[in-house]
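The structure appears below as C-alpha cells.
The values are calculated or read from the model by the stated rules, or taken from the named source; none is laboratory data. The model shown is predicted, which means the values in this text are computed figures rather than measured ones. Methodologically, a virtual Cβ is constructed for each residue, glycine included, from the backbone with ideal geometry; neighbour enumeration extends over all protein chains shown. Ligands, DNA and RNA are excluded from the accessible area calculation, which covers all protein heavy atoms including side chains. Shrake-Rupley method; radii C 1.70, N 1.55, O 1.52, S 1.80 Å.
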Amino acid sequence: MSELIVILCSAPDEAVAERLARGLVEAHLAACVSAIPGVKSFYRWKGKIESDSEVQLLIKTRPDHFDEIVRWLEEHHPYEVPELVALPADKVSDAYLQWAIAQLE
C-alpha cells in the first residue's frame with residue numbers, strides 16, 4: 001500500500017478552494033493542497049449535461065486520512081456531491097514523503 005495518496009476535489013472558485021485547502025492543512029488532514037484554477041468540468045447533473053469552470057484541488061495525504069477528509073469536506077464543501085477521488089502515489093521522492101508524513105502528525 002502506498003504511504004501517500006492524492007485526492008482530487010474540485011471547488012467552484014478560488015475563494016472556496018483556498019478556504020478548503022487552508023482548512024485541510026490547518027487540521028493536519030493534508031500535508032499540502034495544490035489549487036489549479038481554470039479547469040473546465042463537464043458532467044451530468046439531475047439529467048442534464050452541465051459544464052463549469054472550477055479549481056482543481058490536489059490533496060496530498062496518508063491513505064488512513066481518506067475517510068476523515070471525506071467527512072470534513074462533506075461538512076465544509078458547498079457542493080451537494082463533492083468530487084472525492086483518491087489516487088495512490090506509487091512513486092514519491094524520499095525527501096518529499098518524509099516531509100509530507102511529518103506534516104500529518
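At a glance:
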read-out	value
Sulfur and carbon atoms: percent of accessible area, the chain [1.4 Å]	53
Net charge contributed by nearby residues that have their C-beta within less than 15 Å of Val55 (K/R +1, D/E -1)	-3
For Cα Rg over 2.2 N^0.38 Å, calculated from these coordinates, the label among [x] 1.01; [y] 1.09; [z] 1.52	[y]
From phi via Karplus (6.51, -1.76, 1.60), per-residue ³J(HN,Hα) for region 90-105 in Hz, x at Gly/Pro	5, 10, 9, 4, 4, 5, 5, 4, 4, 4, 4, 4, 5, 6, 9, 9
Helix 66-76 vs. the chain, principal-axis angle (Cα, 0 to 90°, nearest 10)	40
Eligible lysines near Lys91 by straight Cα distance, threshold 17 Å, same-chain separation 8 or greater	Lys60
Computed [θ] at 222 nm, deg cm²/dmol, the chain (DSSP H ≥ 4; -39,500 (n - 2.57); rounded to nearest 500)	-10000 deg cm²/dmol
Cα centre as origin, Lys/Arg/Asp/Glu Cβ charges: the chain dipole, Debye	300
Separation between Cα centres of region 42-70 and region 1-18, rounded to whole Å	7
Surface per residue (accessible, 1.4 Å probe) for the chain, Å²	62
